[in-house]
1. Checking G186 against (1) crowded, with 20+ Cβ neighbours inside 10 Å; (2) out of contact with any Ser or Thr (no Cβ under 6 Å at 6 or more places or on another chain): exactly one of these is not met. Which one?
2. Got a sec? Which of G224, G147, G229, G233 is assigned to a helix (DSSP H, G or I), under 29 Å from P129 (Cβ atoms), in the same structural domain as L119 (by TED's automatic domain parsing) and touching a residue at least 24 places away in the same chain (Cβ under 8 Å)?
3. Being surrounded by fewer than 17 Cβ atoms within 10 Å (Cβ to Cβ) and touching a helix residue (DSSP H, G or I) at 6+ places or on another chain (Cβ under 8 Å) is the filter; apply it to the range 55-80 and report the residue that is nearest to K6 (Cα to Cα).
4. Might you check whether a residue that is in contact (Cβ under 8 Å) with a residue 24 or more places away in the chain and of a type in the set (V, I, T) occurs anywhere in the range 100-116?
5. Just to verify a result, which residue in the range 77-130, among those that are among the hydroxyl-bearing types (S, T, Y) and assigned to a helix (DSSP H, G or I), is modelled with the highest pLDDT?
6. I need every pair where a residue in the range 25-36 that is among the aromatic types (F, W, Y) has its Cβ under 8 Å from the Cβ of a residue that is surrounded by fewer than 19 Cβ atoms within 10 Å (Cβ to Cβ), sequence separation at least 6 or different chains.
7. Right, A191: in contact with a helix residue (DSSP H, G or I) (Cβ under 9 Å, 6 or more places away or on another chain), surrounded by fewer than 17 Cβ atoms within 10 Å (Cβ to Cβ) and either farther than 16 Å from E247 by Cα or free of Cβ contacts under 8 Å to residues at least 24 places away in the same chain (or both) or not?
8. Just need a number here: residues in the range 237-248 that are touching a residue at least 24 places away in the same chain (Cβ under 8 Å) and either of a type in the set (S, T, N, Q) or crowded, with 17+ Cβ neighbours inside 10 Å (or both).
Amino acid sequence: MGSRTKKAEAVVLRSLRYGEADRILHLFTKEQGRVGAIAKGARRTHSRLGARLEPFSHIEILFHEGRGELATVTGADLVRSHQALASDPYRLAVGAIGLEAVLRLFIEHDANPRAFHALVRFLDLLDEPSDAGSTSPTRPRHDGATGDPALDPLGLSFQLKLLWLAGYLPHLASCAGCGAPVPLVGFSGAAGGAVCRDCSAGAIEISAAGFLGLRNLLERPLAGARSAGLATGAAREALRVIESVYEYHGGFRMRTLARR
C-alpha cells in the first residue's frame with residue numbers, strides 16, 4: 001500500500017452525480033475529519049461501490065490522495081447502510097438535518113473522533129423504530145401522523161452536541177452579556193449565550209421551560225433525548241437557539257431547516 005493510499009472509517013454525508021458514471025462524495029472520517037473524494041465509475045450497473053456510497057452509509061473506505069483537491073476512492077466495505085431511513089420520510093428528514101450539520105460545522109482534514117462517534121451513534125439510534133406508545137408531539141405518533149422533523153429531540157440533542165464539539169457551545173449558566181447569575185430570559189447569538197432582562201435587547205425570548213429543555217438535551221446522552229419529555233414549545237425554542245448559533249458563529253443557515 002503506497003504512502004498516499006489511506007484507509008479510514010467514514011460516514012457518507014453527501015453523494016453527488018458527476019459526469020457520466022462518477023460520484024463526488026463528502027465523507028466524514030474518524031481519522032481525518034471531513035474529506036472530499038471521487039468514486040470513478042460508481043454509477044455503472046456493474047460497480048460494486050455504488051450501493052455502498054449512498055448518504056448515511058457507514059463504511060470502511062480506501063482512498064488515494066493525489067495532487068488534486070479530491071481523493072480517489074479505490075475500495076469500500078459496508079459497516080452499516082442505514083438505508084432503512086430512506087423508507088421513512090420522518091427519519092430521513094431528521095437524518096438529513098444531522099448530516100448537513102456535520103458537513104457545515106467541520107472543516108476538511110481536521111480530525112474530530114468524538115464528533116465522528118457522535119454521528120455514528122446518532123445514525124444508529126435513528127435506525128431504531130420509534131416507540132409505538134410515544135405521545136410526544138415532536139415524534140411520529142402511533143397512528144402514523146408525524147410531527148416536525150426539525151423538532152425531533154434526538155436531532156436537536158445531536159446538533160447541540162455537535163456545537164459543543166465544534167467549539168460553539170452556547171453559554172447557559174449565567175448572563176452572557178454581564179455575567180450576572182440572575183434570571184435568564186433570552187438567548188443572544190451575538191453574545192453567544194443566555195441573557196438577562198437588562199441585556200436582552202435583540203435577543204430571542206426563551207422561557208424557563210425552554211432553558212430546562214436545552215440543558216436536558218445537552219446533558220443527557222443521545223439515547224436519552226427522546227425520553228426527556230421535551231414539549232413542542234421548548235423544542236421550538238431549542239431550535240431557534242441552534243439556528244442562531246449557526247448564523248452568528250458558524251456563518252451559515254441550514255438548507256434542511258429552511259425547507260420546513
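The values are calculated or read from the model by the stated rules, or taken from the named source; none is laboratory data. Note that this is a predicted model, so its numbers are computed, not measured. Every residue, glycine among them, receives a Cβ derived from its backbone with ideal geometry; neighbour counts consider all protein chains shown.
1. (2)
2. After applying the criteria, what remains is G233.
3. Among those residues, the one meeting the criterion is D77.
4. Checking the range 100-116: at least one residue is in contact (Cβ under 8 Å) with a residue 24 or more places away in the chain and of a type in the set (V, I, T).
5. Applying the filter and picking the extreme gives Y90.
6. F28/L103
7. no
8. The qualifying residues number 8.
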